[in-house]
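Undergrad: Below is a structure I'd like to ask you about.
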Amino acid sequence: MRRFDRAVIRRLVAGLIVVGLAVGIWALWPRENSDPSSTTVPTAAETTTTTLLTTTTAAPTTTATEPTHVVTTVEEAEEILTGLWFGWFEGIYNQDEERIREVVGSSNQIDAAVAQFGELEMSRPPLPTDFAFAATEILEGSASCTAIWTEMSASGFGDPALEGVHVFRWSDDKWLFVSLWTHADDLWEEDCTAEF
């Protein structure tokens with residue numbers, strides 16, 4: 001009989017578990033027109049995130065940064081030279097003194113360019129790609145003056161070749177050509193220190 005009792009008890013317990021689960025599901029099942037807050041069970045704990053904004057103020061430093069227009073590479077120097085010579089020849093080709101003034105910062109150089117109006121024969125307008133440079137070296141590179149030694153050639157304009165020290169001064173957010181010296185050891189440094 002013990003065997004019978006154990007089997008009956010197992011079935012009775014299994015039945016009670018099934019009935020208990022069914023009652024639990026029925027009790028939690030949402031009904032129409034019922035308050036869902038009374039039958040819902042939270043599935044996870046609710047969390048709140050707080051973000052703190054932190055501001056850090058750095059103390060001012062005393063290190064000076066180099067101005068961005070200071071010429072430090074040969075590529076930058078040749079870009080300035082290209083702009084100068086393109087503007088120079090374009091001004092002469094169009095006989096446009098204002099165009100010359102955009103690239104030249106010395107009255108002597110403006111007069112020299114204007115003197116070429118009608119004198120220098122050009123079969124076509126100049127292009128920035130007409131100018132080539134060799135042996136370019138930056139002799140002075142400061143915030144107010146740049147001196148560049150180079151050998152320049154210009155194709156399409158009787159192929160003028162020119163070598164020497166080009167001196168530029170910074171004015172109105174651009175480099176302006178002020179003088180050309182034949183030798184690297186000429187007195188071009190005075191053009192960098194003179195009042196401009």
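Undergrad: Quick one: go through segment 120-159 and flag any residue whose amide nitrogen is under 13 Å from the point 7 Å out along the Cα-to-Cβ line of T72.
TA: Answer for this model: 141-143.
Undergrad: Taking R0 as 22 Å, what FRET efficiency do you get between E79 and D173 from their Cβ-Cβ distance, rounded to the nearest 0.05?
TA: About 0.90, to the nearest 0.05.
Undergrad: Could you check the spin-label model distance between D96 and V114? Points 7 Å from the Cα along Cα→Cβ, value in nm.
TA: 1.7
Undergrad: Something else about it: Ignoring ligands, DNA and RNA, what percent of the 1.4 Å accessible area of segment 86-172 is carbon and sulfur?
TA: 44
Undergrad: For S123 and S144, compute 0.36 nm times the residue count separating them, minus their Cα-Cα distance, and round to one decimal in nm.
TA: Contour length minus Cα-Cα distance gives 3.9 nm.
The values are calculated or read from the model by the stated rules, or taken from the named source; none is laboratory data. What you are looking at is a predicted structure, and each value in this text was computed from that prediction instead of being measured. So basically every Cβ, Gly included, is an ideal-geometry build from the backbone, and we count neighbours across all protein chains shown. Accessible surface is based on the protein model in full, side chains and every heavy atom, while ligands, DNA and RNA are left aside. Shrake-Rupley method; radii C 1.70, N 1.55, O 1.52, S 1.80 Å.
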